[in-house]
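What follows is calculated from the coordinates using simple rules that are stated; it is not laboratory data. All values reported here derive from a predicted model rather than from experimental measurement. Heads up, the Cβs are rebuilt from the backbone with ideal geometry, glycines too, and the neighbour counts pull from every protein chain shown.
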Amino acid sequence: MNAKERILGKLRASLQGTTPVADDYDVGLLTEPWRYGDETRIARLRQMLEAVHGETLLTTSAEWPARVVEALSARNIDELLISPATAHGQQFAGHLALTGSALRLKAYDRPVEAWKDELFFHTPASLTGTLGGIAATGSLVLWPTPQEPRLMSLVPPFHIALLKASEVRDNFHEFMHEHRWAAGLPTNALLVSGPSKTADIQQTLAYGAHGPKELLVLILEDA
Amino acid sequence: MSNPAQTPAQPITFKRNAREALADPQLRRNFRGAMDFLMDKRRSQFPDGDELERLRAFGNRVRARALSKLPELLERLDANLSRNGVRVHWAETVEEANAIVHGIVERHAAKKIIKGKSMVSEEMEMNHYLGDRGVDCLESDMGEFIVQLREEKPAHIIMPAIHLNAGQVAQLFHDKLDVDYTEDVDRLIQIGRETLRRKFFEADIGVSGVNFAIAETGTLLLVENEGNGRMSTTVPPVHIAVTGIEKVVENLRDVIPLLSLLTRSATGQAITTYVNMISSPRKADELDGPQEVHLVLLDNGRSQAFADGELRQTLNCIRCGACMNHCPVYTRIGGHAYGTVYPGPIGKIITPHMLGLETTRDLPTASSMCGACGEVCPVKIPIPSLLRRLREEAVRPPAAEPHHMRGQGAKYSKKETMIWKAWRKLNTSPGLYRAAMYAGTRLRGLMPANIGPWTEHRSAPKPAARTLHELAREHLGDQ
């Protein structure tokens, strides 16, 4: 008998003659206290994100590239990591070409092993999309893909995320249910609620522990 | 049951540790401040008492349901993780778990490991085990990194360096990392970030714990604020997750109430910065993530706790640390005094299952039984009644059946048993009782002034000159 069989054998012996506890899942408790009308949903999300040092900006699907350029310029950042395979990556590259911006674009288009040093030590900012947002907790839902890999939202010190206002839901239960998460999850699904932080030294909050030091969420009101 | 070989030879020296901690005013100030802070933060997250109580009951039911089908869910978890490409390993003891991890390390000829926060790896003393075999295991959680630099164990399960103030960390970084002395916390964190970023980059293997393992989807869920957990589970080519067998939940949606309870109870946050859900290693078309993901499921005494319907409730724990934050004993002596991986109230009921009552005999008695731990527990573990139960197990005759616990009878004393028998006889025999009370009151002058630990900080009790019955008769007559 191996360890698995021995452990399971002990557990089964302990449950002999017992009946499993019934599933009386209380959906109302996870949704009713966390309902927001159409007028307040985005406000709640912004308030929650900003309370943890996230920056939010209301914009539109036409104007957001200009807001990204402004945000980078304000921080003296001249390089941005994007995914050229996504619609927003292409839109942003098109915007730069049109405006003749000096901003350099870096594409996450090869396995991380091929350019790990550059990603870790010479990539100041990144832009990613999101699957949506959760108003109750001020969370972005990230669903990394081969086009927008996991490290894009983690390694660069400044992370810019695009969020469609229409993809913001009131609470986690609603989001999970609507997107049918139980039917299949990606390699790594994520909730991100603010920039990286820690209070491990004398309960003093400090940002930029290991992940992004800054998180800017561009909320596209018309999308 | 745990392998006796891992048991420390001597009982954990809780009483001596506690005395030393109480004599350290700096430590007491640090803990007092930290616990007040955490209690306030938690309180602010639960403004609606009704919602809190309903959510606690819900959390309790979700955990109880998972435990009521634990073997089935573990098999389902194993099957779904395997289907997703995650390799699942089972270990009854910490030795087995360490050997599994070391086997993976050897197969990859790995020399550098970066670890996210994991209490199970503390349970395994993985750093020492691998260190002895030439493998460098570096903690990446900022608090864990600090206590590792000090060659200490975590003082708290959520905030490992909670016993230190900024000045102490400043001195530590100055001494160990060769940086200028600064008490600026932002700067200290940046020093940690710069030091550890290179380590994430170089690591051969990343190790993490698991907050919840989801049977339905084959998913490992981790919560954290720093991003070190995401780094450790994404950057190195191999990820090894270690967890106890009790961490499984049935369905993905079950994590929603538990997450809400965990983050609000632990650090008073609506949610942590990152909720990381890992379901598979890197797929063929993906550009990052580990090529291999392993999960090590550890028993280490958990199946012993599981065997008894009452003690099984110990396994409901979601590791939020709220019980220690609210415990008047923990607040005064801190986490190190317990001498165990899991300190505080929850540690006092978990650890005896892992190490046996022989070495942990003092832990269940290290409680004022004020009930605060049970009142704040987000999944309603009745910690005080489990402490009472463990006290009972510790004084039952070692050979008595049924035998629930390794180390049963560790505090058994024939003399004490005789005293309690005599006490029962005295209190159930009216004539004997009256005679004893008469003698006790009339011979009160013989009461010694020093009766051991009781009189270290208190004056000795002295019987009254007349019994209560006599006084009542005096005032009321024979009614």
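For the stretch B:251-349, the C-alpha radius of gyration divided by 2.2 N^0.38 Å, with N the number of residues, is 1.39. The listed peptides A:22-30, A:209-217, ordered by packing as a protection proxy, come out as A:209-217, A:22-30 (highest mean of other Cβ atoms within 10 Å first). Inter-chain neighbour count for B:156-166: the average number of beta-carbon atoms from partner chains within 10 Å of each residue's beta-carbon is 2. Over the stretch B:66-149, the pair-distance histogram of Cα-Cα distances with 5 Å bins from zero comes to 3, 12, 19, 20, 20, 13, 9, 4, 0 percent, rounded to whole numbers. A convex hull fitted to the Cα coordinates of the stretch B:378-430 yields 115 cubic angstrom per residue. Reducing the stretch B:305-338 and the stretch A:185-223 to their Cα centroids gives an inter-centroid distance of 30 Å. Ignoring aspartates and glutamates fewer than eight residues from B:LYS411 along the same chain, the ones with Cα atoms less than 12 angstrom from its Cα are B:GLU358, B:ASP362, B:GLU392, B:GLU393. Two numbers describe the Cα atoms of the protein assembly as shown: Rg and Dmax, which are 28.2, 107 Å.
In a reduced charge model with +1 at each Lys and Arg Cβ and -1 at each Asp and Glu Cβ, the protein assembly as shown shows a dipole moment near 3180 debye about its Cα centre. Within 10 Å of the Cβ of each residue in B:217-230, the mean number of Cβ atoms contributed by other protein chains is 5. The chymotrypsin sites (Phe, Trp or Tyr not before Pro) found in the stretch B:174-204 that occupy coil by DSSP, while having at most 11 further C-beta atoms within 10 Å, are B:TYR181.
Quantify how strongly other chains surround peptide B:188-200 by giving the mean number of their Cβ atoms within 10 Å of each of its Cβ atoms.
Numbers: counts 5, 14, 4, 0, 6, 9, 0, 0, 2, 4, 2, 0, 4.
Taking all residues of B:188-200 together, the mean is 4.
Spherically averaged projected area of the convex hull of Cα atoms, the stretch B:126-216: 7.6 nm².
Counting other beta carbons within 10 Å of each residue's own, what order do B:VAL169, B:VAL207 fall into, fewest first?
Details: B:VAL169 26, B:VAL207 33.
Taking fewest neighbouring Cβ atoms as first place, the list is B:VAL169, B:VAL207.
In deg cm²/dmol, rounded to 500, what helix-only [θ] at 222 nm does chain B give when every DSSP H run of at least 4 residues adds -39500 (n - 2.57) and the total is split over its residues?
Details: 22 runs with 235 residues, N = 479.
Helices in chain B give a 222 nm mean residue ellipticity of -14500 deg cm²/dmol.
Applying 0.36 nm per residue to the separation of A:ALA93 and A:ASP23 and subtracting their alpha-carbon distance, the gain on full extension is 20.2 nm. Among A:34-44, B:426-436, the peptide with the highest mean count of other Cβ atoms within 10 Å heads the list, and the full ranking is A:34-44, B:426-436.
Sort chain B into rounded, prolate or oblate with this rule: let a ≥ b ≥ c be the square roots of the eigenvalues of the Cα gyration tensor; rounded if a/c is under 1.5, and if a/c is not under 1.5, prolate when a/b is larger than b/c, oblate otherwise. Provide the component values of the computation, followed by the final result.
Working: a/c = 2.10, a/b = 1.76, b/c = 1.19.
Taking the square roots of the gyration eigenvalues as a ≥ b ≥ c, chain B is prolate.
With a ≥ b ≥ c the root eigenvalues of the C-alpha gyration tensor of the stretch A:45-123, is it rounded (a/c under 1.5), prolate (a/b larger than b/c) or oblate?
On the way: a/c = 1.74, a/b = 1.25, b/c = 1.39.
Verdict is oblate for the stretch A:45-123.
When the P(r) is computed for chain A, the part past 24 Å accounts for 52% of the Cα-Cα pairs. Every cysteine in chain B with no other Cys Cβ under 4.7 Å from its Cβ, please list them in numeric order. B:CYS137, B:CYS317, B:CYS320, B:CYS327, B:CYS370, B:CYS377 - these cysteines have no disulfide-compatible partner (Cβ-Cβ under 4.7 Å) in chain B.
With the convex hull built on the Cα atoms of the stretch A:158-214, state its orientation-averaged projected area in nm².
Working: hull surface 22.6 nm².
For the stretch A:158-214, the mean projected area of the Cα convex hull comes to 5.7 nm².
Taking a ≥ b ≥ c as the square roots of the eigenvalues of the alpha-carbon gyration tensor, the stretch B:1-129 is classed oblate because a/c is 1.5 or more while a/b is no larger than b/c.
Net length available on complete extension from B:ASP186 to B:ARG87 is 31.7 nm, with 0.36 nm assigned per residue and the Cα-Cα distance removed. For B:LYS112, give me every one of the aspartates and glutamates with a C-alpha distance below 14 angstrom, ignoring sequence neighbours fewer than eight places off in its own chain. Answer for B:LYS112, where 14 Å is the Cα cut-off: B:ASP132, B:ASP136, B:GLU139, B:GLU202, B:ASP204, listed by chain and number. With a Förster radius of 30 Å applied to the beta-carbon distance between A:GLU39 and A:ALA66, the computed FRET efficiency rounds to 0.65.
With the simple model of a label 7 Å out from the Cα in the direction of the Cβ, A:HIS122 to B:THR417 spans 7.6 nm. Set against the 2.2 N^0.38 Å expectation for a compact globular protein, the stretch A:1-45 has a Cα radius of gyration ratio of 2.33.
Assuming 0.36 nm per residue, please report the length gained on full extension of the stretch B:ALA465 to B:ASP285 beyond their Cα-Cα distance.
Working: separation 180, 0.36 × 180 = 64.80 nm, distance 8.81 nm.
Difference between extended and current length: 56.0 nm.
Each residue, A:ARG180 and B:CYS370, gets one label point 7 Å from its Cα in the Cβ direction; the gap between the two is 5.3 nm. Partner lysines whose Cα lies under 20 Å from the Cα of B:LYS415, excluding those fewer than 8 positions away in the same chain, are identified as B:LYS425. Taking Lys and Arg as +1 and Asp and Glu as -1, the other residues whose beta-carbon sits under 14 Å from that of B:ALA465 total +2. Global size of the stretch B:368-457: 18.4, 52 Å for Rg and Dmax (C-alpha atoms, Rg to one decimal, Dmax whole). If you plug the beta carbon distance of B:ALA166 and A:ALA51 into 1/(1 + (r/R0)^6) with R0 = 22 Å, you get a FRET efficiency near 0.40. Descending by average beta-carbon neighbour count within 10 Å, the peptides B:41-53, A:136-148 line up as A:136-148, B:41-53, the highest first. Spatially, the stretch B:201-262 and the stretch A:1-64 are offset by 14 Å when compared through their Cα centroids. Projected over all directions and averaged, the alpha-carbon convex hull of the stretch B:405-479 occupies 8.1 nm².
Summarising the label geometry, the points placed 7 Å from Cα in the beta-carbon direction at B:THR428 and B:ARG54 lie 4.8 nm from one another.
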